[in-house]
Amino acid sequence: MKKQVSSKYRSNKRGSVVAELPLVLWVFFMVIALPLLNLGAAFIRITFLYAGVHLASISAARANTFLLPIDGKPSATNEAIAKLNQMKGAFSGVEVRNVRTEILITNVDTLAASTSALPLSKPADASVNTYQIVVTAQCEGQPLLPLPTPIPIAGVSAPLTFNLSARQYCENPQGLTL
């Protein structure tokens, strides 16, 4: 024969679940859900910034000159900054700092690489070297709803900061002297 559980016992069990539910929900949202939402939003913003750095390197590689604009056409350095500012203006919660545009020169035979933030001193020789434009920027992605924490946690209560870099082969290596 089965023993019947009294209705008094069942109501106490339901009462404890109802009493613990607010604490469980608070822990779930404040410790798990909101930090994950913030971290996800910060990483999505960083992904948009990486796309911006990549597009900036493509535009800089297509420029006719490296440092000085000529005939109304922007230089590689100006084009990279303009593309990153355009990406920064398209999204909220993103910041771009310290944009650097450099020339990466790689010897075809030895694979020795060197970088230069200044235009080339002598004309480019595509039979000996390959020339790439490298765009590097310090990028920040803000969390969606920054949570107050005693110590700053990147992506949850403080911005997520990365140094992003992309490079593309230069389409006009002879313009790297200007």
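The values are calculated or read from the model by the stated rules, or taken from the named source; none is laboratory data. Values in this document were obtained by computation on a predicted structure and should not be read as measured data. Note that we place each Cβ from the backbone using ideal geometry, even for glycine, and neighbour counts take in every protein chain shown.
Filter segment 26-43 for residues that are of a type in the set (Phe, Trp, Tyr) and in contact (Cβ under 8 Å) with a residue 24 or more places away in the chain and give the result.
Phe43
Ser59 fails exactly one of the following numbered conditions: (1) crowded, with 16+ Cβ neighbours inside 10 Å; (2) touching a residue at least 40 places away in the same chain (Cβ under 8 Å); (3) not hydrophobic (A, V, I, L, M, F, W, C). What is the number of that condition?
Among (1) crowded, with 16+ Cβ neighbours inside 10 Å; (2) touching a residue at least 40 places away in the same chain (Cβ under 8 Å); (3) not hydrophobic (A, V, I, L, M, F, W, C), Ser59 violates only (2).
Does Thr106 satisfy the criteria of being more than 21 Å from Ser157 (Cα to Cα) and either in contact with a His (Cβ under 6 Å, 6 or more places away or on another chain) or surrounded by 21 or more Cβ atoms within 10 Å (Cβ to Cβ) (or both)?
For Thr106, the condition - more than 21 Å from Ser157 (Cα to Cα) and either in contact with a His (Cβ under 6 Å, 6 or more places away or on another chain) or surrounded by 21 or more Cβ atoms within 10 Å (Cβ to Cβ) (or both) - is not met.
Looking only at segment 148-177, how many residues end up being part of a loop (DSSP other than H, G, I, E, B), loosely packed, with under 15 Cβ neighbours inside 10 Å and touching a residue at least 24 places away in the same chain (Cβ under 8 Å)? Outline the logic, then answer.
Step one: list which residues in segment 148-177 are part of a loop (DSSP other than H, G, I, E, B), which gives 148-153, 155-157, 159, 170-172.
Filter once more, keeping what is loosely packed, with under 15 Cβ neighbours inside 10 Å: 148-152, 171.
Imposing the further condition that a residue be touching a residue at least 24 places away in the same chain (Cβ under 8 Å) reduces the set to 171.
Total satisfying the criteria: 1.
Scan segment 85-97 and report the pairs whose first residue is more than 18 Å from Ala158 (Cβ to Cβ) and touching a residue at least 12 places away in the same chain (Cβ under 8 Å) and whose second residue is of a type in the set (D, E, K, R) and in a helix (DSSP H, G or I), with Cβ atoms within less than 8 Å and a gap of 6+ or a chain change.
Phe91/Arg45
Go through segment 159-178 and give me each residue that's within 19 Å of Phe48 (Cβ to Cβ) and in contact with a Pro (Cβ under 8 Å, 6 or more places away or on another chain).
Pro159, Leu160, listed by residue number.
Contact list please: Cβ distance under 7 Å, first residue in segment 101-129 and under 21 Å from Asn64 (Cα atoms), second residue of a type in the set (Asp, Glu), pairs at least six apart or on different chains.
The qualifying pairs are Thr115/Glu102; Ser116/Glu102; Ala117/Glu102.
Given the structure, is Ser7 loosely packed, with under 11 Cβ neighbours inside 10 Å, more than 13 Å from the chain's Cα centre (by Cα) and either of a type outside the set (Phe, Trp, Tyr) or at pLDDT 90 or above (or both)?
It is true that Ser7 is loosely packed, with under 11 Cβ neighbours inside 10 Å, more than 13 Å from the chain's Cα centre (by Cα) and either of a type outside the set (Phe, Trp, Tyr) or at pLDDT 90 or above (or both).
What number goes with the only condition from (1) in a strand (DSSP E or B); (2) within 30 Å of Trp26 (Cα to Cα); (3) without any contact (Cβ under 8 Å) to a residue 12 or more places away in the chain that Glu140 does not pass?
Glu140 satisfies all of (1) in a strand (DSSP E or B); (2) within 30 Å of Trp26 (Cα to Cα); (3) without any contact (Cβ under 8 Å) to a residue 12 or more places away in the chain except (3).
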